[in-house]
Amino acid sequence: MTADPDLDALDAFDDLGEEGTLGGVSAVGSLTIATLIDGPVASTTPDATLYEVAALLTAGDIGALVVDDGRDGEEVATAVITERDVIRALAALADPAEVRVHSVASTDLVWCDASATVAKVAELMSERFLRHVLVEDDGELVGIISARDLLGVYAASEDLGD
């Protein structure tokens, strides 16, 4: 993810009319998810501890990590661990030095294509009560989009009068 995906995505507004729409659709909603992702996907292993996960999340200023089992030398998402997963484990009085990612990470992965629109992914997240969706392009993991990312883009468009 970029440090400020909402600002990067708003560069797409340069060619829009004053109303900020494309054929009657909100300009923000018609942006592709690809415009919001940048850089490598942060990941961890199934055997990492919650301490290690918390350090990675904090260092990256991110809310989720892809869990990659490292098999076959290829990056393959097998699960996702989020801030919420860590908090839930701690609330259950789990020892963060002993609890491993594989015991608390979600394996129910939801994906979208990088060409999907912000509006479609926002709708998917809303309907399924999701906070994170994995993004793929040609079958390869290219990013994670969060509800916070989408909120930032929509809020930034409001600041511009969209």
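No value in this document is a laboratory result; all are computed from the given coordinates. Because the structure is predicted, anything quoted here is derived from the model rather than measured. Counting neighbours? That spans all protein chains shown, and the Cβs are built from the backbone with ideal geometry, glycine included.
Between residue 103 and residue 158, what's the calculated FRET efficiency when r is the beta-carbon distance and R0 is 35 Å? Round to 0.05.
The formula returns an efficiency of 0.30 here.
For region 68-144 and region 42-67, write down the distance between their C-alpha centroids in whole Å.
That distance is 11 Å.
With r defined as the distance between the Cβ atoms of residue 90 and residue 130 and R0 fixed at 25 Å, what FRET efficiency is calculated, to the nearest 0.05?
Values: r = 22 Å, r/R0 = 0.89.
Result of the calculation: an efficiency of 0.65.
For a protection proxy built on the mean count of beta-carbon atoms within 10 angstrom, sort 43-54, 88-99, 109-120 highest first, please.
43-54, 109-120, 88-99
Taking R0 as 30 Å, what FRET efficiency do you get between residue 120 and residue 47 from their Cβ-Cβ distance, rounded to the nearest 0.05? Don't skip to the answer; put the middle values down first.
Working: r = 35 Å, r/R0 = 1.18.
Once rounded, the FRET efficiency stands at 0.25.
What does a probe at residue 137 reach in region 65-86, counting residues whose amide N is under 14 Å from the point 7 Å along Cα→Cβ?
Backbone N within reach: none found.
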